[in-house]
Amino acid sequence: MSKPRAYSVKAFSTRDPKSPLMPDTISRREPTENDVQIAILYCGVCHSDLHFARNEWGFTQYPAVPGHEIVGRVTAVGNAVTKFKVGEVVGVGCLVDSCRTCPDCRSGLEQFCQEMTMTYGSSDKHLGGPTLGGYAQAIVVREEFVLRIPGNLNAAAAAPLLCAGITTYSPLRRWKVGPGQKVGVVGLGGLGHMAVKFARAFGAHVVLFTTSPGKTADALRLGAHEVVVSRDSAQMAAHAGSFDFILDTVSAQHDLNAYFHLLKRDGNLVLVGAPNEPLPVAAFPLIMRRRSFSGSLIGGLPETQEMLDFCGTHNITSDVEMIRMDQINDAYERMLKSDVKYRFVIDMASLG
Ligand code: NAP
Ligand code: ZN
Ligand code: ZN
């Protein structure tokens, strides 16, 4: 395959783990026949962007351009593109390509494909170097990896659905969370606030665990039936052995075992948070009641579209705080202080 022609767009990137994100100019390929070219309107700020920019997971290639909660307007389509037209508002999440033939891809579970291409930090098959994410004016993506955004949803508030939304929707669906179940959500950040909204919409009794007592009123407004301050051992003990399911969205070191104790027999704790340090697991809380501990990674393309359509039908979006591109470094510092209400979204018009 010959190298496609490229053009330049403005972006924010970082060159090493310690430097702030700075203005940069990056290359995008001219759309090939299967591609959709998108002018980015909004990009959500995921805690993964911060882990990645600072190489906390140890696999960042620089320059790094984070951003995988992308909503934009189609500006061009390749000749073979059938699903999208110029002018439509569309989304791109954490994946921009995969092998499209392996059993995972054929099952619509592209996130587990051994050759999947992440929106940032994978090898760019077209231009070489690392793929570069959504903190940019534009992106070019194969049509199979572009999503429809329901027209009734606010475009900025829909952006976080592309990662925070699907990452919480997918495990809640897989473990069949619904009426009659008591469901816990640990952490009220970007993922956590979407998990509360979805678990409530699915009919469960929702309990939010937080280290920030000041978030209690918001958690109840977002859909939690109860709020537990997780650093208060008496409040935690009151819920021992009572949960069917707990979704853990915490981005840093914390005690998982305290949550295993809260599960019923055969209850499940699913981890979606991705702290860089290992989390110690004690044997007894798991073996004594046949409890399970699992992980979950974003969601495949069909389920991501299903989630967006569900959000369209039920009018679910993220609670967002809009920022300019040049406020990104401050936003990261606030995210580290758990001071996000409840997702930063970059207004890409501010990139000029
Ligand atoms: P976020 O907005 O920063 O929210 C994380 C929340 O965790 C905070 O708001 C805080 O909630 C809680 N928290 C933070 N530090 C804590 C600590 N030391 N102890 C206990 N609780 C703490 O982050 P996010 O964007 O939701 O992402 C959360 C994690 O999920 C990140 O690690 C991210 O990389 C990962 N992630 C994974 C996937 C996946 O596919 N599995 C996808 C996206 C993101 P309270 O103030 O309520 O305590
Ligand atoms: Zn993310
Ligand atoms: Zn595959």
Query raised in the report: Any idea what angle helix 190-201 forms with the longest principal axis of the chain, computed on alpha-carbon atoms, 0 to 90 degrees, nearest 10?
Result: 70
Query raised in the report: What are the lysines whose alpha-carbon lies under 18 Å from the alpha-carbon of LYS197, with same-chain residues fewer than 8 places away excluded?
Result: LYS176, LYS182, LYS215, LYS341
Report task. Report, by chain and number, residues whose modeled amide H sits under 5 Å from the one on ASP97, excluding near sequence neighbours (fewer than 5 apart, same chain). Result -> THR117
Requested in this report: Compute the Rg to Rh ratio over the stretch 27-142 from the alpha carbon atoms, using the Kirkwood formula for Rh, and round to two decimal places.
Outcome: 0.96
Query raised in the report: Build a GNM of the chain with springs between Cα atoms under 10 Å: which of ALA331, ALA217, ALA11 gets the top mean-square fluctuation?
Result: ALA217
Query raised in the report: Measuring from label point to label point, each 7 Å out along Cα→Cβ, what is the LEU220 to GLU30 span in nm?
Result: 6.0
Report task. Given the peptides 316-324, 250-258, arrange them by the average over their residues of other C-beta atoms within 10 Å, most packed first. Result -> 316-324, 250-258
Report summary line: For the stretch 153-230 the mean separation of alpha carbon contacts under 8 Å (6+ apart) over residue count, i.e. relative contact order in percent, is 27
Query raised in the report: Cα atoms only, the stretch 1-55: Rg and Dmax in Å?
Result: 14.1, 39
Requested in this report: Quick one: go through the stretch 57-87 and flag any residue whose amide nitrogen is under 14 Å from the point 7 Å out along the Cα-to-Cβ line of SER123.
Outcome: 61
Requested in this report: State the antiparallel share, in %, of DSSP beta bridges confined to the chain, rounding to the nearest 5.
Outcome: 55
Requested in this report: Have a look at GLY184, GLY165, GLY151 and tell me which one the Gaussian network model of the chain (Cα, springs below 10 Å) gives the largest fluctuation.
Outcome: GLY151
**Report entry** Length released on extending from GLN114 to VAL86, taking residue separation times 0.36 nm less the Cα-Cα span
**Finding:** 6.9 nm
Query raised in the report: Give me the log10 of I(q) over I(0) for the chain at q = 0.10 Å⁻¹, as the Debye formula computes it from C-alpha points; what are the numbers?
Result: -0.58
Query raised in the report: Between CYS113 and residues 5 or more places away or on another chain, which pairs have amide H atoms under 5 Å apart, with H built 1.01 Å from N, and which residues are they?
Result: none
Report task. Compute the acute angle (0 to 90°) between the alpha-carbon long axis of helix 301-314 and the principal axis of greatest extent of the alpha-carbon atoms of the chain; round to the nearest 10°. Result -> 70
Report task. Return the distance in nm (one decimal) between the two label points of a simple spin-label model at MET288 and ASN154, each offset 7 Å from Cα along Cα→Cβ. Result -> 4.6
Query raised in the report: Roughly speaking, what is the stretch gain from ALA252 to PHE59, that is 0.36 nm per residue apart minus the C-alpha to C-alpha distance, in nm to one decimal?
Result: 67.7 nm
Query - Highest-MSF residue in the chain out of LYS176, LYS337, LYS197 [GNM, Cα springs under 10 Å] - result: LYS337
Report task. For ASN315, put the label point 7 Å out on the Cα→Cβ axis and report which residues of the stretch 131-165 keep their amide N under 13 Å from it. Result -> 152-154
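Quick note: the coordinates plus some simple rules give every number you see, no bench work behind them. Since the model is a prediction, treat every value here as computed from it, not as a measurement. Because the Cβ atoms are built from the backbone with ideal geometry, glycine has one as well, and the counts that use them run over all protein chains shown.
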